[in-house]
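Here's the structure, in structure tokens; my notes come after.
The values are calculated or read from the model by the stated rules, or taken from the named source; none is laboratory data. This one's a predicted model, so the numbers in the text were calculated from it and none came from an experiment. Note: ideal-geometry Cβ built from the backbone for every residue, glycine included; neighbour counts use all protein chains shown. Surface accessibility is based on the protein's heavy atoms, side chains included, excluding ligands, DNA and RNA. Shrake-Rupley method; radii C 1.70, N 1.55, O 1.52, S 1.80 Å.
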Amino acid sequence: MEWIKLIGIAIIVLGFIFKFDTIAVVVVAGLATALVSGITPVEFLEALGKAFVDQRIVTIFFITLPLIGLAESHGLKEQAVNLIKKVSGLTTGWFLSIYLIIREIAGAFSIRLGGHPQFVRPLVQPMAEASAEAKYGELEEKDKELIKAKSAAMDNYGNFFGQNTFLSAGGVLLIVGTLDSMGYKVTSLDIAKASIPVALIMILIGIVSNIYFDKKLARKYGNKGEQK
């Protein structure tokens, strides 16, 4: 009955499908896994609290938020938009594809670009939207939301699949430790090498998805921007 310990995965999948609160889903999934594994609720809460305290550095990004707000108030977003509009022929899809590649390369060298609050919202998303408006003019609100979503997705893809190509990444060390505890002897280099093809495939999938998105915008708006 060891498979019952995978119940947490099923809970997470169902939670995401039905769009329940993410944090609540993860906590419930962890609690369910703990209970079927013979861990008491008190021990589970102790482990959860200890993990939060040990990893509290992950909340350090809050410190950067005032800086991002100050930069935006002084025209950071407007300058980024003006810059992208000067690049002739650059579509939203190709801009996001370039960003995906940069994000994966940065992850491979463990260079942190900041994520959604510090980088995607104030820079990537406005620049992606501006590249579409330069070609097609004013966009519908629905398409602006799609561009916002794709900008965040490219950041997620690049970070998630790129970071495991770095030998000392937390995810790589976690995989090595987990496999080692199960009797599989692997090194960080083995995991990083196995992650490279996956990262390259993700780039290819991202580029194809972005090209399709460009064609979708072209069919909907035509060449309105060029006619102006």
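Side notes on the structure shown:
- Under the condition of being in contact with a helix residue (DSSP H, G or I) (Cβ under 9 Å, 6 or more places away or on another chain) and open to solvent by 80 Å² or more (accessible area, probe 1.4 Å), the residues counted in the range 6-17 number 4.
- Any helices (runs of 4 or more DSSP H) falling wholly within the range 142-228 and containing at least 1 residues that are touching a residue at least 40 places away in the same chain (Cβ under 8 Å), open to solvent by 70 Å² or more (accessible area, probe 1.4 Å) and on the phi < 0 side of the Ramachandran plot: 188-221, 224-227
- Hits in the range 17-46 - residues which are among the aliphatic types (A, V, I, L, M) and in a loop (DSSP other than H, G, I, E, B): Ile39
- Residue count for the range 79-110, restricted to those that are open to solvent by 90 Å² or more (accessible area, probe 1.4 Å) and either charged (D, E, K, R) or at pLDDT below 90 (or both): 6
- Some residue of the range 130-139 being within 24 Å of Asp214 (Cβ to Cβ) and free of Cβ contacts under 8 Å to residues at least 24 places away in the same chain: yes
- Check on Ser131, in the same structural domain as Val198 (by the TED database) and at pLDDT below 85: no
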